[in-house]
Amino acid sequence: MSEAERDDAGLPRDELLAPMLRRVIGVVTIVSLVALVLFGLWGAPTDEVQGDAQRVMYLHVPSAWLAYLAFFVTAAASALFLWRRTRAEVWDRLAGASAELGVMFTGLALVLGSIWGRPVWGVWWAWDARLVSTALLFFLFLGYCALRRIPAADPVGGAKRNAIAALIAFVDVPIVHFSVEWWRTLHQQATVFNPQLNPQIHGVMGLTLWLGTIAFTLLYVYLLDRRYRLAVLEDGRADRELERAIAERISTSRGVVA
Amino acid sequence: MTDANKRRPRYIGAAVLCALTVAIAVVLVVVLSENVVYFRTVSEAVNDRSNQGHDRFRLAGAVVPGSRKETDNGVNFEMTDGNKTVRVFHHGDTPALFKDNTPVLCEGRWGNGLIFDSDRILIRHGPKYQPPKVDTKHAPRVKA
Amino acid sequence: MTDVGYVIAGWSVAGIVLGAYTVRLVLRIRRAERESAPPESNT
């Protein structure tokens, strides 16, 4: 890892988003999240069958979609890292940052689904294909995040290992999505991205769902930028500590030899 | 440091991960092999009645309107998938959304004949969401 | 619990998880920035 370019304060310059753009995204994220709360809890009409319990959907579904998106970014960045012509540290860091967010969104989708399932299905959990494959997705990428923490003697070799693991784990994403079509499940079929591509949701409810998706996507972009920044800073710090330790070692060993 | 020393942590990590992956895979295969057929429709279950014995399974259908009768420890109702109908004796609580025409899954086993003994009712719901239809033409008028 | 109770529980859980993650991330970045700036540039 080469010496990164540093700014006046001595911090690495490596950032995903320009600071101005990041601030704009941050503000728009907050505005859209406030709008989501207003529409999700009051603006959208109450569902005919499920009643108010259906309002959990406006968070559950965007969480699940963002989990797909985050893991897709992890897989794409991993592939770009594995391909020799595009191999760069940025892809490795991006993959790690996105996977952590994906794990959070998957966990959120599972917990919110459980809270929605209790009043509507009558149970917190069911061992059907959708729920089990989603839980598997959570643990696969949790394992991937753990794997990233295991240091490798050769950093590039370690990053390649991580990238391969991410691509393997990503296989579960289409399985999760199509599980409700391929197997019989308690979980309902897709409302929006169904095989007929004909959303089965009433106007304002559909609008609220899209609002939730936009708000969560913006939040994801913002958090991805921040998580990437943290990775850069922590790598820089680790590099420095290593350099310092090596320098110390060299000076003491020289002293002994002399 | 020798080359072998440098490489060791990677092998330990990889071994732990492989073991974990295999363990998860085994659990999944066991769980999913029982649940890939998460439920049987009323027709499938009735047609396969003689082979079914007293094994537990989930029965899927809709509540026949007007068939529900409260019993001492639960409810007794008819369930249909449009082709075949069975009577279900359910012991236990019923979910809040358990109403006429509701698509349900009943967990339990065959009793005598075409009677299904259920001890758990799960509500299924479709992917469709909409507000209740308000009859605007015949809406009650508010007098000033 | 009523339907409204589940809705409040769900929205609260989401708010707490997303909020806590964001705040923790920002604090970790601040600490890392403090620690990774070279000592001579600290005032």
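Bear in mind these aren't lab numbers, they're just calculated from the coordinates by the rules spelled out. Since the model is a prediction, treat every value here as computed from it, not as a measurement. As a convention, Cβ positions derive from the backbone with ideal geometry for all residues, glycine included, and neighbour counts pool all protein chains shown.
Per residue, how big is the convex hull of region A:78-118 when only Cα atoms are used? Give it in Å³.
Given the Cα convex hull of region A:78-118, per-residue volume reads 48 Å³.
For region A:230-246, list residues with backbone N below 12 Å from a point placed 7 Å from the Cα of A:ALA9 toward its Cβ?
Residues passing the 12 Å test: none.
Find the Cα radius of gyration of region A:19-248, compare it with 2.2 N^0.38 Å by division, and give the number to two decimals. Kindly include the intermediate steps, with their values, before the conclusion.
On the way: Rg = 19.8 Å, N = 230, 2.2 N^0.38 = 17.4 Å.
That ratio works out to 1.14.
Cα to Cα, under 14 Å, and not fewer than 8 places away if on the same chain: which aspartates and glutamates meet these conditions relative to B:LYS69?
B:GLU78, B:ASP93, B:ASP100
Just to verify a number: FRET efficiency for C:SER12 and B:ALA96, C-beta to C-beta distance, R0 = 22 Å, to 0.05? Display every interim value, and only then the final one.
Values: r = 21 Å, r/R0 = 0.97.
About 0.55, to the nearest 0.05.
Could you tell me which residue out of C:SER36, B:LEU20, A:PHE141 lies farthest along the dipole of the protein assembly as shown toward its positive end? Charges go on the beta carbon: Lys and Arg +1, Asp and Glu -1, centred on the Cα centre.
C:SER36
Please check chain A for the longest run free of trypsin sites (Lys or Arg not before Pro) that are loop-located per DSSP (anything but H, G, I, E, B) and have at most 16 other Cβ atoms within 10 Å.
Numbers: sites that count: A:ARG13, A:ARG87.
The segment A:88-258 is the longest one with no such site.
Quickly work out the A:PHE178-to-A:PHE193 label distance, labels modelled 7 Å from Cα along the C-beta direction, and quote it in nm with one decimal.
Modelled inter-label distance: 1.3 nm.
Would you mind giving the mean number of other chain beta-carbons within 10 Å of the Cβ of each residue in B:117-128, as a whole number? If you can, show how the numbers build up before the last one.
Working: counts 0, 0, 0, 2, 3, 8, 9, 6, 9, 5, 11, 10.
Average per residue, whole number: 5.
For the protein assembly as shown, give the share of DSSP beta bridges that are antiparallel, in percent and rounded to the nearest 5; count only bridges with both residues there.
Values: 27 of 34 bridges.
The antiparallel fraction comes to roughly 80 percent.
Whole-Å semi-axes of chain C's equivalent ellipsoid, largest first, each the root of 5 times a Cα gyration tensor eigenvalue?
Values: eigenvalues 333, 6, 4 Å².
Semi-axes, largest first: 41, 5, 4 Å.
What value in Å³ per residue do you get for the convex hull of the alpha-carbon atoms in region A:150-189? Present the calculation step by step, with values, prior to reporting the outcome.
Details: hull volume 2.8 nm³, N = 40.
With only Cα atoms used, region A:150-189 gives 71 Å³ per residue.
Helix-derived [θ] at 222 nm for the protein assembly as shown: sum -39500 (n - 2.57) over DSSP H runs of at least 4, divide by residue count, nearest 500? Please list the in-between numbers first.
Working: 11 runs with 258 residues, N = 445.
Calculated from helices alone, the mean residue ellipticity at 222 nm is -20500 deg cm²/dmol.
Any idea what Rg and Dmax come out to for the protein assembly as shown if you just take the C-alpha atoms, in Å?
When restricted to Cα atoms, the protein assembly as shown yields Rg and Dmax of 27.4, 105 Å.
Between B:ASN73 and A:ILE164, take the C-beta separation as r, use R0 = 60 Å, and let me know the FRET efficiency to the nearest 0.05.
Working: r = 56 Å, r/R0 = 0.93.
According to the calculation, E is roughly 0.60.
Mind checking which aspartates and glutamates have their Cα closer than 13 Å to the Cα of A:LYS160? Skip sequence neighbours fewer than 8 apart in that chain.
Within the straight-line cut-off, A:LYS160 pairs with A:GLU89, A:ASP92.
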